[in-house]
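A short write-up of the structure that comes next.
The values are calculated or read from the model by the stated rules, or taken from the named source; none is laboratory data. Fair warning: this is a prediction, and the values are worked out from it, not measured in the lab. We place every Cβ from the backbone using ideal geometry, glycine too, and count neighbours over all the protein chains shown.
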Amino acid sequence: MDTERIGLPICKSQRRFWCLLRSGLTSLYSYQCLFCDGYEKQGQPVGILEFSTPAYLGLALMGVRFSDDITIYSNGPVTTDPGVQKALRTASSSGVRIDERPIRRLINQGDTIGIEFEDTRTVTLGMLLHKPPTVNRSQNLIDQLGLAKLDQSAEVMVNPLFCESSLPGCFVAGDGGQVLKQVAVAMGTGMYPNYMPSMLVPIILLT
């Protein structure tokens, strides 16, 4: 690997370098987070925007704690992927409904949010939950290092024990290598590389 090209010095005495990425992620656009919002909206209708991956099941199961009126608005037929269909059945068994009508637009209604469908009908919701795409804050460096990523995901593939990536000696700690986006998970996995005895060598810390 051409470490000089990407600006990484080499620990010549060890004939290798250690790289630890703890730069975190950023969402491509804002959204409502049930760790921050939700209590003040309890009892109001709740929507989930699309259901393209099994990860949306988490939103559905959290949403039912806030409202008995919760609907998945998939914006068309839900994918036939077995994992998604299994997650959808689990959500349905918890009382979550599915609405596959194509969506024309979302409407900012101040304290509520509206969905207008292609048939011009609308619904008003207290919350609309979604999992927006995320990008690693060190994405350019990750691309230059050629780190392997999870299938259909922006997350770096890491060894779950110490968060080492596909490049030996390069560790991606925190939520940059985790599908589950939670503050507690990011904090916990962010500490994993610290417990490696072999980390008692020079390290490049990129945050």
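Within segment 169-179, restricting attention to residues that are in contact (Cβ under 8 Å) with a residue 40 or more places away in the chain and in a loop (DSSP other than H, G, I, E, B), the residue that is farthest from the chain's Cα centre (by Cα) is G169. For D99, which of the numbered conditions (1) more than 22 Å from the chain's Cα centre (by Cα); (2) modelled with pLDDT under 95 fails to hold? Failing condition for D99: (2).
Residues in segment 36-88 that are within 21 Å of T124 (Cα to Cα) and of a type in the set (D, E): D37, E40, E50, D68, D69. Residue check: G47 meets all listed conditions (1) in a loop (DSSP other than H, G, I, E, B); (2) touching a residue at least 60 places away in the same chain (Cβ under 8 Å) but one, namely (1).
Within the option set A87, A55, being surrounded by 15 or more Cβ atoms within 10 Å (Cβ to Cβ) and modelled with pLDDT under 90 holds for one residue only, A55. Within the option set T134, T120, T124, being of a type in the set (S, T, N, Q), exposed (fewer than 15 other Cβ atoms within 10 Å of the Cβ) and in contact (Cβ under 8 Å) with a residue 60 or more places away in the chain holds for one residue only, T124.
Within segment 133-157, if we keep just the residues that are touching a helix residue (DSSP H, G or I) at 6+ places or on another chain (Cβ under 9 Å) and in a strand (DSSP E or B), the residue that is nearest to C170 (Cα to Cα) turns out to be V156.
Only one of the numbered conditions (1) assigned to a loop (DSSP other than H, G, I, E, B); (2) under 16 Å from the mean Cα position of the chain (by Cα) is not met by T26, and that is (1). If you go through segment 63-84 and keep only what is surrounded by 14 or more Cβ atoms within 10 Å (Cβ to Cβ), without any contact (Cβ under 8 Å) to a residue 40 or more places away in the chain and in a helix (DSSP H, G or I), you end up with just V84.
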